[in-house]
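Have a look at the structure below, then the notes.
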Amino acid sequence: MAVPGRNNGVEEEEAGEGALFEEAWGEPELEVPPHLRDFAVAAQNGDVDALRVALDNLSGSIDEPLEDGDTALHLCCLYGYLPCVKLLLERGASLESKDEEGAIPLHDACAGGFIEIVQLLLDSASNPEDMKQMLETVDSENDTPLHHAARGEHLDVVQLLLKAGASPCKENIYGKTPAELCDQRADIRGALCAASTSERR
């Protein structure tokens, strides 16, 4: 998952002026096998009708990686394509597929602040234990979905994850809890600190 402007709680060198926008708005280049090309393009563009046709004609797995280890569900969650996410889940896409950074689709939806998609993913867990596992899944930097929501400063998503049982005390590989990743939002930090205090009691 590539999230422009990602801050993991450590200082990074300043990128050249405009570099962020070149990465975020550059022309997507999908390097996928020919039999997955239409499927990948439909997912990347959020075209639910094209995605439906591609799924009807898909000869591979719905969970086959398309770009940077991302499945179609990862891409649609990352870009906020709710109708596509619904269709992929209806067709059996896995909630637990990991990209090359170890992130599951819930990480992507949380990073983008797409609360309806986050709610849909949580609701799609087959039982409370599966939901707990999703909330506790960590990526290669030991970030949970709550870390991603906090870093993106998405208060509504943070509150939803906390209500669902996400732990605000988990540290990533840099020793940072979710509360330490929301730079500008005292309300988010306050909600996470209050939840941390409650969990430690």
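Values computed for the structure shown
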item: Computed label-point distance, nm, for sites D68 and D183 using a 7 Å Cα→Cβ extension; result: 1.9 nm
item: For a label point 7 Å along the Cα-to-beta-carbon line of C193, residues of the stretch 157-186 with backbone N under 16 Å; result: 168-169, 177-186
item: Label-point gap, in nm, between N142 and S59 - each point 7 angstrom along Cα→Cβ; result: 4.5 nm
item: Protection-proxy order for peptides 117-126, 182-191, each taking the mean of Cβ atoms within 10 Å per residue, highest first; result: 117-126, 182-191
item: Three-way shape label, the stretch 29-70, alpha-carbon gyration tensor, a/c 1.5; result: oblate
item: Cα-projected label distance for E171 with E31, points at 7 Å along beta-carbon direction, nm; result: 3.7 nm
item: Anchor K163: lysines whose Cα lies under 17 Å away (excluding residues fewer than 8 positions away in-chain); result: K132
item: For the stretch 57-201: rounded, prolate or oblate by the Cα gyration tensor [a/c cutoff 1.5]; result: prolate
item: For D70, residues with placed amide H under 5 Å, excluding near neighbours; result: E100
item: Gained length - A50 relative to R91, 0.36 nm times residue gap less alpha-carbon distance; result: 13.3 nm
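Since every read-out is calculated from the coordinates, none of them should be taken as a lab result. All values reported here derive from a predicted model rather than from experimental measurement. Positions of Cβ are generated from backbone atoms using ideal geometry, with glycine treated the same way; all protein chains shown enter the neighbour counts.
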